[in-house]
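This is the structure, below, for whatever I ask next.
Only the coordinates and a few stated rules stand behind these numbers; no lab work does. Only a predicted model underlies this, so the values are computations on that prediction, with no experimental measurement involved. When we count neighbours, we look across all protein chains shown, and the Cβ atoms used for this are built from the backbone with ideal geometry, even at glycine.
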């Protein structure tokens, strides 16, 4: 796969999943993209008695695929582990320590920065991950690396309050369950 080094290259008009390339192809491809997309969704985290442990992973994959279809970005594999301490009492749930998770994100961004990428967007499907992501973004910013991420608390504010009746919301609530129901139908 030969790719010209121009930003106007037609390849830069589509999204590329890096995991499917050789390192030599990735080297050429990364010259054409300004942003790397990382989906973040727990593959093993409690979601009530009605949703699977991989609920957030499935949502992250769905949202990643939606972005891939609409925006030209280089895409890393979905990050399956994060900071989810509130769910460890439920069998099957896995959480990294807050600092470990933050460092994983920083290390991923720094690694990709070594290939010229300075902008990252994380499709974040968690709430407890917000604090360490904010901290990682702040630390990376000091090195000239821009990290932005989806904040589900901001998204939740846009829902009709009468639609969401679960107190506290955002986790295995009506919104998340309806998203999963729609994915299954699709």
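Please compute the length gained on full extension between residue 111 and residue 88, using 0.36 nm multiplied by the number of residues separating them and subtracting their Cα-Cα distance.
Numbers: separation 23, 0.36 × 23 = 8.28 nm, distance 2.99 nm.
My answer for the length gained is 5.3 nm.
On the Cα set of the stretch 12-159, report Rg and Dmax in Å, please.
15.5, 46
Could you compute the FRET efficiency for residue 131 and residue 66, with r as their C-beta to C-beta distance and R0 at 25 Å, rounded to 0.05? Intermediate results must be reported in sequence, preceding the final value.
On the way: r = 26 Å, r/R0 = 1.04.
About 0.45, to the nearest 0.05.
Give me Rg/Rg_expected for the stretch 27-80, where Rg uses Cα atoms only and Rg_expected = 2.2 N^0.38 Å with N residues. Provide the component values of the computation, followed by the final result.
Working: Rg = 13.6 Å, N = 54, 2.2 N^0.38 = 10.0 Å.
So the Cα radius of gyration is 1.36 times the expected 2.2 N^0.38 Å.
For a Förster distance of 30 Å, can you work out the FRET efficiency between the beta-carbons of residue 143 and residue 20, rounded to the nearest 0.05? Write down the numbers at each step before the final one.
Numbers: r = 29 Å, r/R0 = 0.95.
Calculated value: 0.55.
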